[in-house]
2 protein chains.
Amino acid sequence: MRTAKLLNFVFFISQKKVYFTMTKITMIGAGHLASQLSLALSKAGHHICQVYSRSEASASQLSKKLNCPHTTELKNLIASDLAVIAVSDDAISQVEKHIHFAKVHTSGSKAINLLNGNKVGVFYPLQSFSKNIKVDFSNIPICIESDNKELKSVLITLAQSLSKKVYEINSLQRCHLHLAAVISCNFSNLMYTFANEICTQNKIPFELLHELIQETAQKIKHLSPQESQTGPAIRGDLTIIENHLNILAEDSEKQYLYKILTNSIKNRS
Amino acid sequence: MRTAKLLNFVFFISQKKVYFTMTKITMIGAGHLASQLSLALSKAGHHICQVYSRSEASASQLSKKLNCPHTTELKNLIASDLAVIAVSDDAISQVEKHIHFAKVHTSGSKAINLLNGNKVGVFYPLQSFSKNIKVDFSNIPICIESDNKELKSVLITLAQSLSKKVYEINSLQRCHLHLAAVISCNFSNLMYTFANEICTQNKIPFELLHELIQETAQKIKHLSPQESQTGPAIRGDLTIIENHLNILAEDSEKQYLYKILTNSIKNRS
């Protein structure tokens with residue numbers, strides 16, 4: 001397997017729009033990702049020629065923001081340089097078969113071969129999109145994939161017009177990346193939840209932990225997580241571990257997880 | 001139990017040193033915390049009158065930086081306003097019995113009653129001190145505890161000369177806080193390690209996840225971790241969960257943890 005690599009930043013938009021290539025895009029979907037992405041693409045100078053959504057309300061709302069037509073009928077899709085499919089994973093197949101021009105999906109967990117045709121690809125921005133929080137794409141890694149050289153070139157240009165971090169990653173790698181994202185982010189957040197529960201039960205403001213949590217997340221920019229590991233497990237401090245297990249005696253879920261996560265750290269030391 | 005609260009910032013050092021009270025301190029220990037803390041205290045205008053360490057090399061090295069005498073003999077300790085005991089948890093009892101003036105320990109996991117005497121307390125900076133990384137105490141929460149009014153006042157003043165975030169927290173709360181810190185930071189870092197392992201095995205640069213990890217840690221400053229939770233578990237996206245479990249088929253440790261952490265998130269939704 002080839003190592004995924006950061007693509008050289010060949011595309012550049014200055015005030016003079018040097019090297020700028022405008023892409024005409026049909027946006028498939030009007031949910032959170034579709035909205036954020038199409039607004040960012042439009043702001044970067046690309047032309048969203050149509051928004052499709054099953055929901056008239058969603059399609060209409062987004063198309064107003066983009067100042068473009070919308071449709072709720074797949075048979076009425078306007079052909080363009082590229083259809084960007086930003087719908088839920090399960091809906092991709094249903095919509096893609098109606099698209100007979102270049103198309104990409106935006107899913108972290110679906111393979112490229114879910115799309116039929118010669119000019120197909122993936123355009124996956126690796127970020128957790130929360131409602132009502134506006135996304136700055138410039139630091140969000142965008143992972144692209146296509147076996148079609150011409151489309152790949154379009155995708156690189158498009159991605160680099162949004163983000164400094166554009167990677168070429170194949171479908172198998174992307175599935176693993178998505179899994180790694182769930183583990184490092186969703187499960188970390190669960191650890192914050194556990195900590196918050198303990199704080200609340202003991203009348204400790206959770207804000208006390210904010211700095212330490214930020215620091216832990218920052219450290220891995222400079223050190224590998226393995227090198228960054230601190231705490232009783234990696235030090236083999238059995239007294240503290242025993243003490244923590246005693247504190248958790250009445251919370252069997254947390255006590256059990258504490259044990260196995262501590263063992264995981266120990267086994268890596 | 002009383003709710004731990006942020007103490008009002010009554011102490012203030014301006015260029016004119018308004019309200020400044022210099023504390024004369026005997027530093028017990030010359031390890032990482034002792035070094036960082038004594039240098040910060042000295043910089044804040046306090047007087048470190050002596051450094052004690054079992055190790056001549058460590059004591060000598062730190063005392064040179066502080067321009068003060070040092071000793072390796074507990075019987076030669078110089079009495080001062082306050083002894084700050086910053087040694088390993090297991091060594092606290094052995095050293096504290098030789099100190100016959102006001103003293104605090106700096107441990108997150110030891111109760112105040114480990115110290116004998118009338119003027120005893122705890123001065124616990126909540127941070128993970130990594131070797132060779134200089135600590136900025138101004139944002140580090142400092143948790144203080146003392147039943148002695150006079151000493152408590154000294155500790156508040158001392159803590160507020162270092163940090164904007166000074167909390168009064170009792171021993172039971174501090175033990176829980178320490179546990180919450182281990183869970184939210186050491187175990188999060190383990191999640192980063194798992195993700196890094198998956199990336200490495202699949203030739204994906206781990207840096208791809210940096211932004212998402214920072215974002216996850218940042219979010220809990222504005223939303224509770226419960227509100228911040230995203231991902232397939234909280235959405236109940238069984239297809240992706242199944243897919244991830246299949247990917248992890250040959251890594252039984254991660255597969256098992258994925259299952260139980262996913263269930264933990266589901267049970268909270």
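The values are calculated or read from the model by the stated rules, or taken from the named source; none is laboratory data. Note that the structure is predicted; figures quoted are calculated from it, not measured. When we count neighbours, we look across all protein chains shown, and the Cβ atoms used for this are built from the backbone with ideal geometry, even at glycine. Surface areas here come from the heavy atoms of the whole protein model, side chains and all, with no ligands, DNA or RNA. Shrake-Rupley method; radii C 1.70, N 1.55, O 1.52, S 1.80 Å.
Looking at B:Ser269, is it at the interface with chain A (Cβ under 7 Å from one of its Cβ atoms), closer than 21 Å to A:Gly108 by Cβ and touching a residue at least 12 places away in the same chain (Cβ under 8 Å)? No, not satisfied.
Condition (residue is within 19 Å of the chain's Cα centre (by Cα) and at the interface with another protein chain (Cβ under 7 Å from one of its Cβ atoms)) applied to segment B:189-202: is it met by at least one residue? Even if it seems obvious, please write down each step before you answer.
Step one: of segment B:189-202, the residues within 19 Å of the chain's Cα centre (by Cα) are B:189-190.
The next check asks that each one be at the interface with another protein chain (Cβ under 7 Å from one of its Cβ atoms); those that pass are B:189-190.
Yes; the residues of segment B:189-202 include at least one that is within 19 Å of the chain's Cα centre (by Cα) and at the interface with another protein chain (Cβ under 7 Å from one of its Cβ atoms).
Selection of segment B:28-86 for residues being assigned to a loop (DSSP other than H, G, I, E, B), in contact with a strand residue (DSSP E or B) (Cβ under 6 Å, 6 or more places away or on another chain), open to solvent by 60 Å² or more (accessible area, probe 1.4 Å) and more than 20 Å from B:Ser163 (Cβ to Cβ) yields B:Pro69, B:Ile78.
Taking first residues from segment A:187-209 that are touching a residue at least 12 places away in the same chain (Cβ under 8 Å) and of a type in the set (Ser, Thr, Tyr) and partners that are open to solvent by less than 10 Å² (accessible area, probe 1.4 Å) and assigned to a loop (DSSP other than H, G, I, E, B), the Cβ contacts under 8 Å between residues at least 6 apart in sequence or on separate chains come to A:Tyr192/B:Ile220. Of the numbered criteria (1) at the interface with chain B (Cβ under 7 Å from one of its Cβ atoms); (2) at pLDDT 95 or above; (3) under 30 Å from B:Lys110 (Cβ atoms), the one A:Glu211 fails is (2).
In segment A:242-252, is there at least one residue being buried (at least 17 other Cβ atoms within 10 Å of the Cβ), within 7 Å of chain B (Cβ to nearest Cβ), in a helix (DSSP H, G or I) and under 33 Å from the mean Cα position of the chain (by Cα)? No, there is no match, as no residue in segment A:242-252 is buried (at least 17 other Cβ atoms within 10 Å of the Cβ), within 7 Å of chain B (Cβ to nearest Cβ), in a helix (DSSP H, G or I) and under 33 Å from the mean Cα position of the chain (by Cα).
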